[in-house]
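Beneath this line is the structure, given in structure tokens, with notes to follow.
The values are calculated or read from the model by the stated rules, or taken from the named source; none is laboratory data. Source: prediction; values computed, not measured. Note: ideal-geometry Cβ built from the backbone for every residue, glycine included; neighbour counts use all protein chains shown.
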Amino acid sequence: METLLENAVRGIPTGCVFALLAVGLVLTYKTSGVFNLAFGAQAYASAAVFYVVRKDHEWPLLWAALLAVVVVGPAIGLLLERVLFRYLRTAGSMAKLVTSLGLLIAIPEVVKLVLGDESRKNPPPLWYVMRTDEWLWPRNTSIVLDAGQIATIAATVTVVVALVLLFRFSSLGLRMRAVVESPRMAELNGVDSERVSMTSWMLSSLLAGLAGVLLAPLFASLNPLDLFTLLVAALAATVFGGLTSIPLTFAGGLLLGVLQAVLAGSLPTDSILATGLRPALPFLVLFLLLLFRPGLRSTREVTDPLATVEAPPPAPVALVRPHWMTVGTRAFGAVVVALGLAACWFLLDGYWLGLVISGIILGIIMMSLIVVVGMGGMLSLCQAALAAIGAFGTAQLVAATGMSVLGAIVIGAVIAAGVGALLAVPVVRLDGVYLALATLAFALMFESIFVPLSWVSGGAVPLSVPRPLIGPIDLADDRWFLLFAVLCAAAVSAVVIRLREGTTGRFLQALQTSDVAAASIGISGRRSRVVAFTVAAAIAGFGGGLMATYVGQANYQSSFPYLIGLVWVALLVSAGARSVQAAVLSGLFFFLFPAILTRLFTFPGNWVESNPDAPSWVASALGAIQPNWAQSVAFILFGIGAITYAKHPEGSIEAQTATSVGAIVRWVERRRGDAGTGPSDPVPPPSPEVTDAPPLAGTGRPTADSGSPG
Amino acid sequence: MSGPLLEAEAVSKRFSGIVALSDVSLHVADGEFVAVIGPNGAGKSTLFNCLSGVLRPDRGTVTFRGRSLERLRPSARARLGIARTFQRIELFGGMTVLDHLLVADRARTRRGGLWSDLFRGSRPTSEELERCGIVLELVGLTEWADRPAESLSLGKGRLVELARALMCDPALLFLDEPSSGLDRHETAEMSATLETVSRQHGTAIVLIEHDVPMVRRLAERTYVLDYGQLIADGPTEDVLGDERVRVAYLGDNS
Ligand SMILES: Nc1ncnc2c1ncn2[C@@H]1O[C@H](COP(=O)(O)OP(=O)(O)OP(=O)(O)O)[C@@H](O)[C@H]1O
Ligand SMILES: [Mg+2]
């Protein structure tokens, strides 16, 4: 039992790491209502600043720490609050989550642009002495705590105590919570919600900065992905605390660290359990907690009683669009696709052709997001993993049975659908944020447990997948493959549109806009959602199989890492989560935009080289523009796109379509009106009655004309 | 009066500190028209939520046609023939009035699904349109059928909710303040519609209302709730004349 205890103690520093991040998340959630996935990115920004001033500019420790933690951290928080979250106070939790997703993508890229993109090895610690075991710890035990761990423990305990005191005893904590519950109500009660909200963001961002600087030395080099993965691991503690209780969250973090250390000590080191389960443990715990923690499942989003004061969203295009317009846009779409195809066929070289093909295949995967996010209202963050399952299925089937690749892609999609259905049955019971977290946990479990297994991925070397032959046509030729991909995309869009316009789509729409009302007419939410999730998984798996066939191998790291999956979600929801054109366009955009930017960014450098007599300041300014900025700039724009989601929940492409459709319809009508021959107005005239806001409550007393009974 | 349809026995529900319902019993016979009245916060909506399955009562039993509803989710109860409307109106976004009825009809007949969406198409059949037409006519929304439901006034919205509930062909209908937010003319129309539904279709109705004349006109029996307690029940006239009811609810302190 000696060793068990020692192992447990050894887990405490890691536990404090989890706890610090988790408490930071809970603080943000409590004080701003935002489940801030970008917390890790904010931590990364502070850590990077600390690295640069401390290592590159050799500032003294104190000044560097003050700048990174006390200045940069809250400054980022203040900026985010002023330009972004202050407009989102009454937005739904989904909009807030998508916004934080966008930030998670954009912030690290901004940091890379500002501070340079070189790799930062050995992040500097936030303390002087490296080892304390000689003077602080008895030598005869095997437990060794270094100063970093002690600093982490001390910082975590301090933060937890300070926050608990803040919420218990100060009125600031109370006001913060009031502002989250109902900003308008708080204002009516004399709380300055602007000030309170700014304070909340600065405080929680200070914590993000502290966590970043403190935790960076845990890794060999500073990188945003590590911090984000650590944050997801810490989510288990957050959920343990029910997203609100700081002491419980702290306990959860500690428990998680201890559990991990005990498992590490007691499992045989070479087993799959040790290599696969131990790193995945936090994700597994998160997943199980989400499913089984009492109270979570039934938690309805707290709705602001004054939120209905907001105007209702505009009616979707389909509803105000006359039939001839629908036919017209479809025909127009077909012509555009045909022309685009011809242009690609005859004009593009291999490189660009390849990007277009990848974009169209990604468009198919994006269509799975339409079904699950746009129609089902479930923010699934694991579509990349489901696509990978399709890819692995295809590759394994071809390798094992030598069957035709096309058949293998279809069976791969069926396997993905099966996994999706198994995942959906427990997961669809969860609401909004929790469902997003559960699917994220699944994606990370898949990555750390299953992807390394050889029966899944084929081991370290990716399995190869050949291109199929269809009759005389060899799809090894990229042009034919492009045609094939476009046909597949057309088929999948037909499926998606039929479902969306059909009973399935209507039921999902009903559930999404009012689940109690949908239940009241006998629509089973679980059933409909499981169906949507499963169909989406099948589509993702199909797209994944196609991708593997196109690339020539089922390569998880290059095609389907979970972070890329998050970028896809951000991109699609900002383009329009319900429309197939938005899916295809955002797929194309994902591949083409960075490539186009790279091209653009080479021009200034080339110009400087060919104009040696240009003024030196022009030359140095232009020469500073690097082609390798392209990826960062593209990701920042993808992230900013997601941030616009809160303003245009229907998506920018849908919004654009609505505007142009409206303009065309009006134009046609005017023409008809002039000619005086057209049939009467096909569109209903704008409603004379404006939607009344429902009253907050009944009248309470009998209506005036009821008089006194008797 | 015929056999019992719904029997709720000693239903209790608390929200952390607040006792919203304590030992409330309610019986509805087939085809009966019953009202539930009481001041704000008396627990009327909470009672509906417990009966329709939105909330799970802490104690007490609810049976429908002798069958316990305890383990059934709201959608399953709806399929047994229990429909309802909502105090804070709950319409589906992005759908026309007709869509609301079609969706309800599809949910009842369970027509449609993945397979038929993909291979048979999902246009409404003529029988479906006919059924919707009848209900639209009944509630007087025929000319509004193709309007987006969100663009309607609150009064029309309440009618859409009623029509949607009627599409489920319910044996029992819960109506939560159908006249709140309606003007006097609309209230009168609503009363007439409810009377028709009750008379012609034999639907049992439980009505929550603050509008006493409406209750007096429609309800055979009335239950009065106050602070979660059932303080009176019986024939409507008797209950409305009861001293305690007048003090607790009607604000008659004389
Ligand atoms: N989900 C809930 N959580 C906490 N308390 C609730 C909840 N729903 C209702 N309550 C409380 O339970 C009590 C009964 O509420 P209920 O809505 O049933 O009243 P009501 O009789 O319908 O009132 P009204 O005439 O205003 O509609 C109230 O005090 C209310 O604040
Ligand atoms: Mg009520």
Restricting region B:139-168 to residues that are within 16 Å of ligand 1 (Cβ to nearest atom) and within 16 Å of the chain's Cα centre (by Cα), the residue that is surrounded by the most Cβ atoms within 10 Å (Cβ to Cβ): B:ARG158
Filtered residues of region B:169-184 (kept if more than 16 Å from ligand 1 (Cβ to nearest atom) and either over 21 Å from B:VAL36 (Cβ atoms) or crowded, with 22+ Cβ neighbours inside 10 Å (or both)): B:ASP169, B:PRO170, B:LEU172, B:LEU173, B:ASP183, B:ARG184
Search result, residues across region B:35-85 that are away from chain A (no Cβ under 12 Å), more than 10 Å from ligand 2 (Cβ to nearest atom) and closer than 19 Å to B:LEU225 by Cα: B:ALA35, B:CYS50, B:PRO57, B:ASP58, B:ARG59, B:GLY60, B:THR61, B:VAL62
Every residue from region B:33-60 that is outside any strand (DSSP E or B), under 18 Å from B:GLY81 (Cβ atoms) and more than 9 Å from ligand 1 (Cβ to nearest atom): B:CYS50, B:LEU51, B:SER52, B:GLY53, B:VAL54
Test result for A:VAL213, surrounded by fewer than 18 Cβ atoms within 10 Å (Cβ to Cβ), assigned to a helix (DSSP H, G or I) and in contact (Cβ under 8 Å) with a residue 40 or more places away in the chain: no
Test set (1) modelled with pLDDT under 90; (2) within 26 Å of B:ASP30 (Cβ to Cβ); (3) away from ligand 2 (no atom under 16 Å from the Cβ) - B:GLY251 fails condition number: (2)
Candidates A:VAL164, A:VAL160, filtered to the one that is crowded, with 20+ Cβ neighbours inside 10 Å, in contact (Cβ under 8 Å) with a residue 12 or more places away in the chain and part of a helix (DSSP H, G or I): A:VAL160
B:VAL11 more than 16 Å from ligand 2 (Cβ to nearest atom) and over 30 Å from B:LYS156 (Cβ atoms): no
Matching residues, region A:508-517, being under 13 Å from B:GLY94 (Cβ atoms) and more than 7 Å from every other protein chain (Cβ to nearest Cβ): A:LEU508, A:LEU511, A:GLN512
Test: B:ASP30 is over 29 Å from A:ILE523 (Cβ atoms) and more than 12 Å from ligand 1 (Cβ to nearest atom): no
Residues being outside any loop (DSSP other than H, G, I, E, B), out of contact with any Ser or Thr (no Cβ under 6 Å at 6 or more places or on another chain) and not aliphatic (A, V, I, L, M) - total across region A:60-80: 1
Subset of region A:189-213 (residues that are touching a Leu at 6+ places or on another chain (Cβ under 8 Å) and either more than 18 Å from A:LEU27 (Cα to Cα) or outside the structural domain of A:THR156 (by TED's automatic domain parsing) (or both)): A:VAL213
Matching residues in region B:199-227 - criterion: being at pLDDT below 90 and among the small types (Gly, Ala, Ser): B:GLY202
Criterion violated by B:LEU230 - all others in (1) within 15 Å of ligand 1 (Cβ to nearest atom); (2) under 23 Å from B:ARG164 (Cβ atoms) satisfied: (2)
Qualifying residue in region B:67-81 (condition: closer than 21 Å to B:VAL215 by Cα, within 18 Å of the chain's Cα centre (by Cα) and within 16 Å of ligand 1 (Cβ to nearest atom)): no
Among (1) more than 13 Å from ligand 2 (Cβ to nearest atom); (2) touching a Ser or Thr at 6+ places or on another chain (Cβ under 6 Å); (3) among the aliphatic types (A, V, I, L, M), the one test that B:ALA20 misses: (1)
Selection count, region B:183-211, where residues are aliphatic (A, V, I, L, M) and within 16 Å of ligand 2 (Cβ to nearest atom): 3
All positions within region A:87-122 that are over 15 Å from the mean Cα position of the chain (by Cα) and assigned to a helix (DSSP H, G or I): A:TYR87, A:LEU88, A:GLU109, A:VAL110, A:VAL111, A:LYS112, A:LEU113, A:VAL114, A:LEU115
Given (1) in contact (Cβ under 8 Å) with a residue 40 or more places away in the chain; (2) facing chain B (nearest Cβ under 9 Å); (3) farther than 30 Å from A:ALA395 by Cβ; (4) crowded, with 23+ Cβ neighbours inside 10 Å, index of the condition A:ARG526 fails: (4)
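I'm trying to understand the selection: among the residues of region B:136-157, which are more than 10 Å from chain A (Cβ to nearest Cβ) and touching a residue at least 24 places away in the same chain (Cβ under 8 Å)?
Listed by number, the residues that qualify are B:LEU136, B:LEU138, B:VAL139, B:GLY140, B:LEU141, B:ALA145.
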Top-ranked residue in region B:232-248 [being of a type in the set (A, V, I, L, M, F, W, C) and more than 17 Å from B:HIS27 (Cβ to Cβ); ranked as surrounded by the most Cβ atoms within 10 Å (Cβ to Cβ)]: B:LEU240
From the options B:ARG110, B:ARG88, B:ARG123, residue that is surrounded by fewer than 21 Cβ atoms within 10 Å (Cβ to Cβ), more than 7 Å from chain A (Cβ to nearest Cβ) and closer than 26 Å to B:PHE64 by Cα: B:ARG110
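Is it true that B:LEU118 is within 28 Å of A:PRO322 (Cβ to Cβ), at pLDDT below 90 and more than 16 Å from ligand 2 (Cβ to nearest atom)?
Judged against the criteria, B:LEU118 is a match.
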